[in-house]
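The values are calculated or read from the model by the stated rules, or taken from the named source; none is laboratory data. These numbers come from a predicted model, not from an experiment. In this analysis, Cβ positions are derived from the backbone assuming ideal geometry, glycine residues included, and neighbour counts consider all displayed protein chains.
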Amino acid sequence: MVESTKTYIPIPVKVSRINEESPDRTLRTYDLEFVNKEDRFDYMPGQFCQLSIFGKGESPLGIASSPTETDFLRFTVNRVGVVTTAIHYLEEGDELGVRGPLGNYYPVEKFKGQNVVIVSGGFAFTTLRSLVVYMLDPAHRGDYKDITVIYGARTPDLLIYKDELEKWETRKDINVHLTIDKGIQGWKKHVGFVPSVTKEIAPASKDAWVVVCGPPIMIKYTLPVLTELGFPSERIYTSLERRMKCGIGKCGRCNIGAKYICLDGPVFSLAELEDISEPY
């Protein structure tokens, strides 16, 4: 695990850029800069941080930026509660706190020399963006073979990072498949739910690892498809979301069985989860 010596104390950061991700303005992406450059910490794709607003509290959010993007930390925030609503009121130049990095990360060392398949839906693409950008970086791209992304949302407006997705679609070193639930006029890409589109594309399981992250219902119906395609459970990884409070395994709110999402995860292989009877 990449650890920070400051996981208990929020580090001051300021908003350098805000991007609206959805037409209803419930999804916003924030680029944050460290107020004090010496506070900058290292992290890996899949880890998360606690973002805090004084007087409101803190909220766990997956890091959407890549470790290769050294000028900022990126988080995409869904406005669903007190803290995330407070974050949505922030403007460029405003300050907030960040505590982290926390949790484990995608096993990028295991992926080396292999094909990597990424399957995602909706807002859950955040840490997967971090993974894709990390693998596409010139310093790392030669470490991985084929990279395939299958990503869906209810409508085109709800796909996040649209500008980057368009750029990835033009590249020859990554295969991007975008889908929406129901066809609309002008949409010429895949139509259908992510599990059915994954089955249609049928990425090869030989010498391949897969990372799947999305709404619980999407994961539920995608995992059997991946198993049918021949992916063994130890080569299927997912990132779990669970009610977290402390982020460091002390409060016990995010446990499933004997595991803590914030400490042992949020990244788990399907093999690690198969013996857990509790729903996750």
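Residues that are at negative phi, over 21 Å from the mean Cα position of the chain (by Cα) and not in a helix (DSSP H, G or I) occur at least once in segment 205-217. Residue pairs whose Cβ atoms lie under 9 Å apart, separated by 6 or more positions or on different chains, with the first residue in segment 40-55 and outside the structural domain of residue 98 (by TED's automatic domain parsing) and modelled with pLDDT of 95 or more and the second assigned to a loop (DSSP other than H, G, I, E, B) and surrounded by fewer than 21 Cβ atoms within 10 Å (Cβ to Cβ), do not occur. Of the residues making up segment 23-35, those that are part of a loop (DSSP other than H, G, I, E, B) and in contact with a strand residue (DSSP E or B) (Cβ under 7 Å, 6 or more places away or on another chain) number 2. Residues in segment 225-252 that are assigned to a helix (DSSP H, G or I), touching a residue at least 12 places away in the same chain (Cβ under 8 Å) and farther than 14 Å from residue 118 by Cα: 228, 233, 234.
Results for (1) in contact (Cβ under 8 Å) with a residue 24 or more places away in the chain; (2) surrounded by fewer than 23 Cβ atoms within 10 Å (Cβ to Cβ), shown as yes or no for each residue.
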site: 90; (1), (2): yes, yes
site: 93; (1), (2): yes, yes
site: 100; (1), (2): yes, no
site: 103; (1), (2): yes, no
site: 109; (1), (2): no, yes
site: 113; (1), (2): yes, yes
site: 119; (1), (2): yes, no
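The residue of segment 37-59 that is surrounded by the most Cβ atoms within 10 Å (Cβ to Cβ), among those that are touching a Gly at 6+ places or on another chain (Cβ under 6 Å) and not in a loop (DSSP other than H, G, I, E, B), is 49. Every residue in segment 213-266 that is in contact with a strand residue (DSSP E or B) (Cβ under 6 Å, 6 or more places away or on another chain), aromatic (Phe, Trp, Tyr) and closer than 24 Å to residue 64 by Cβ, please. The answer is 237, and nothing else. Do we have residue 58 as more than 17 Å from the chain's Cα centre (by Cα) and either closer than 22 Å to residue 226 by Cβ or not assigned by TED's automatic domain parsing to the domain that holds residue 27 (or both) here? When the stated conditions are applied, residue 58 does not pass them.
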